[in-house]
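To start, the structure itself, in C-alpha cells.
The values are calculated or read from the model by the stated rules, or taken from the named source; none is laboratory data. Being a predicted model, the structure only gives us computed values, none of them experimental. Note that each Cβ is placed from the backbone with ideal geometry, even for glycine, and that neighbours are counted across all protein chains shown. SASA here: full protein model, heavy atoms, side chains in, ligands and nucleic acids out. Shrake-Rupley method; radii C 1.70, N 1.55, O 1.52, S 1.80 Å.
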Amino acid sequence: MYGLVNKAVEQMVCMHHGDLAWERIKERAGVDVDVFVSNEGYPDDITYRLVAAASAELDLPAEAVLEAFGQHWVLHTAREAYGGLLEAAGRTLPEFLGNLPDFHSRVAMIFPNLQPPRFVCTDVKPGSLRLHYHTHRPGLAPFVVGLLKGLGTMYSTPVEVRVVAACDQGADHDEFDVVWSPVPAA
C-alpha cells in the first residue's frame, strides 16, 4: 500500500488518542518507519500490523478500527490528497456511488502503481443499491463500511450499510446493501 494509507492511520490515531499512543502502536507492530512517504509503496503487511496493534493498544476490535479508519479516510485523507477528484465524482451520495466504479482509475493517475479494488453497483434503486467490492486484500469489509458512512457524512445524507456477503465467510467478494435517505431541500 502507498505510504499515504499508513500516514492516514497515524493521523487518525494521533487526532483521537495522541502521539504517544501512535508510538506505542508502532512499537507493538514492530514498525520502525519514522515518516511514511505518501507516494512510496510499502508492504501491505505493515498496514495490517498497524491496525492489529491499534486494536490491541486501543482495546477495540480490529473491525472497529478499520471502520473508523474508513470514515477518517473519506473525511480527512481523501479530501486532502485528492479533494478535486472527490468533488468531480459527484455532488450527492447517489451520484458519487454511481461513479465509484471509475473513481480509482482517476486516482491511479496520481498513484501509478496503485493496486486498487474494484467496485460494481447493482440493484440500483432510488435510495439504495448493492455495492460489490473486489480486492486481493483480505479483511477490509469494515473499512468499506466506514468509507460509505464517511461518504454519508460528507454528503450530509444519512446512510445505512449492511454486509450481505463476506470473503471471510466464504464469498468470492464482499457485498454491501447501501440505503440512504434523501436530503431535505434547503
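Segment 1-76 holds helices (runs of 4 or more DSSP H) entirely within its bounds, and those carrying 3 or more residues that are open to solvent by 10 Å² or more (accessible area, probe 1.4 Å) and more than 24 Å from Gln115 (Cα to Cα) map to 3-17, 19-29, 44-58. For segment 16-48, residues that are under 24 Å from Leu60 (Cα atoms), over 17 Å from the mean Cα position of the chain (by Cα) and in contact (Cβ under 8 Å) with a residue 60 or more places away in the chain total 0.
Among the residues of segment 77-106, those that are basic (Lys, Arg) and either open to solvent by less than 60 Å² (accessible area, probe 1.4 Å) or in contact with a Phe, Trp or Tyr (Cβ under 9 Å, 6 or more places away or on another chain) (or both) comprise Arg91, Arg106. The residues listed here are Arg49, Arg24, Arg28; of these, the one that is of a type outside the set (A, V, I, L, M), at pLDDT 95 or above and within 21 Å of Ala141 (Cβ to Cβ) is Arg49.
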